[in-house]
Amino acid sequence: MIVHDGPKRPAFPLALIHPLGPLFRHLPLSLRRHLLYLRAYQRWGNFRRPTLWSEKVAWRVLNDERTILKMGADKLASKEFMRGLIAKSETTPKCSIPETYWVGTSVEELKEYEHQLPSRWVLKPNHSCGRVVQVDSAQEPIDWKRLEQISSRWLTPDEEVTVMGHQAYRGARQLIFAEQRIGDLDTPPNDIRVFGFRNPDGGTSVWEIQESTGSHTSAFTNYRFNDRYVRKERYHFRDGAANSTTLIEASSDQLRASLLDIGREALALFDHVRVDFYIEQGALWFGELAVYPGAGLVVYGINIDRERGALWQLPDLNAPDPREAEWRALLQGVPKGTLQR
């Protein structure tokens, strides 16, 4: 099994002052976000009248409790949302969604379906990020006891809520699920992200299309494109070499059109969201929605922060959402995986 179980906890005495230690989470949320911002950017942020993208992420954390964000943070709900959106899309080829085999709260229940599961699959929490177990029973027996220990820990509040204050994850359903594994188990799938904003006129601005390879490894590399798939200027130390050929560049025009069209359809319903996909063996797959991209704490430079911030028109939180009932419905109950039907 390959396990990614969230950030590593600091040891004593560093834990006494570290954000992931036992004390930081007890501070007021506003103070936590200011200290996290200062730690990342070496400056104070303006969260009351934000202009920078990083400040607006903090504003969202502190103020925005709309149901659409909870739907976006709930992995299973966002898959159903995207399933409906993709079905209405007229683009070809279509985007696929990984099959959900099982949903529940105890791996002991999942074990009953052991002989019906494929040899390769993944286990994820529905209400967090950065946590996944990749399983390949053809390579080694499934360690069910370890899976139970890991998943039990996932069902308790983690740093996404207790430290970062990402309340949309608190609104997501506290579930774990087994899902189809995309790509070769020995290497992570290639991540493709559409990063953009909704315009005041109802259209969308795609600020960037991002491709990353080697996730969770020392070989992690980024490639960045505009919405015409022209490579953007390097501005981060992990950006790939200018003479490299990327997966996006090697993909067909039809696939790239589908990626952009479907990404824009999702962006149109959020004031800001990142839509994550995979491209694997020439096929497009939906991954997840990121309503707090990088927790708003990934540093790229003030000019980029300002450029992103100018595109993000913050919502009127007092305005009614005409699709509120739809988002609430997607967050109801415990869905069944294909093996449970």
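Read-outs throughout are calculated quantities, based only on the coordinates presented, and are distinct from any laboratory measurement. Computed from a prediction, not measured in an experiment: that's the story for all the values here. Neighbour counts are summed over all protein chains in view; Cβ atoms, including those assigned to glycine, are modelled from backbone coordinates with ideal geometry.
Tell me the relative contact order for segment 99-181 as a rounded percent, counting alpha carbon contacts under 8 Å between residues six or more apart. Working shown, then result.
Numbers: 117 pairs, mean separation 41.1, N = 83.
Dividing the mean separation by the residue count of segment 99-181 yields 50 percent.
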*Cross-link reach list, lysines versus K336, counting only Cα pairs under 21 Å and skipping chain neighbours closer than eight places*: K70, K75, K79, K111, K124
*asked:* Let me test this: with uniform point scatterers at the alpha carbons of segment 99-181, what is the Debye-based log₁₀ I(q)/I(0) at q = 0.14, 0.25 1/Å?
replied: -0.46, -1.25
*Want the number for E148 to A11: 0.36 nm per residue separation, take away the alpha-carbon distance, what's left?*
46.9 nm
*Is the shape of segment 169-275 rounded, prolate or oblate, going by the alpha carbon gyration tensor and its root eigenvalues a ≥ b ≥ c, with a/c under 1.5 for rounded and a/b larger than b/c for prolate?*
oblate
*Round to a whole angstrom and tell me the spacing of the C-alpha centers of segment 1-79 and segment 121-184.*
19
_Relative contact order (%) - segment 1-106, alpha-carbon pairs under 8 angstrom, separation at least six_ = 10
*Return the aspartates and glutamates within reach of K145: Cα separation strictly under 13 angstrom, same-chain partners fewer than 8 residues apart disregarded; answer none if there are no such residues.*
E108, E109
_Once you order the gyration tensor axes a ≥ b ≥ c over the Cα atoms, which shape class does segment 1-119 get: rounded for a/c under 1.5, otherwise prolate or oblate by comparing a/b with b/c?_
oblate
*What are the principal axis extents of the Cα atoms in the chain, in Å, biggest first?*
55, 53, 45
_Positive-end extreme of charge dipole, the chain - chosen from Y169, Q281, I192 (charges on Cβ)_ = Y169
*Identify all aspartates and glutamates with a Cα-Cα distance to K88 below 18 Å; exclude those on the same chain that are fewer than 8 residues away in sequence.*
E80, D261, E265, E326
*With just the Cα atoms of segment 198-341, tell me how far they stretch along each of the three principal axes, in Å, largest first.*
49, 44, 30
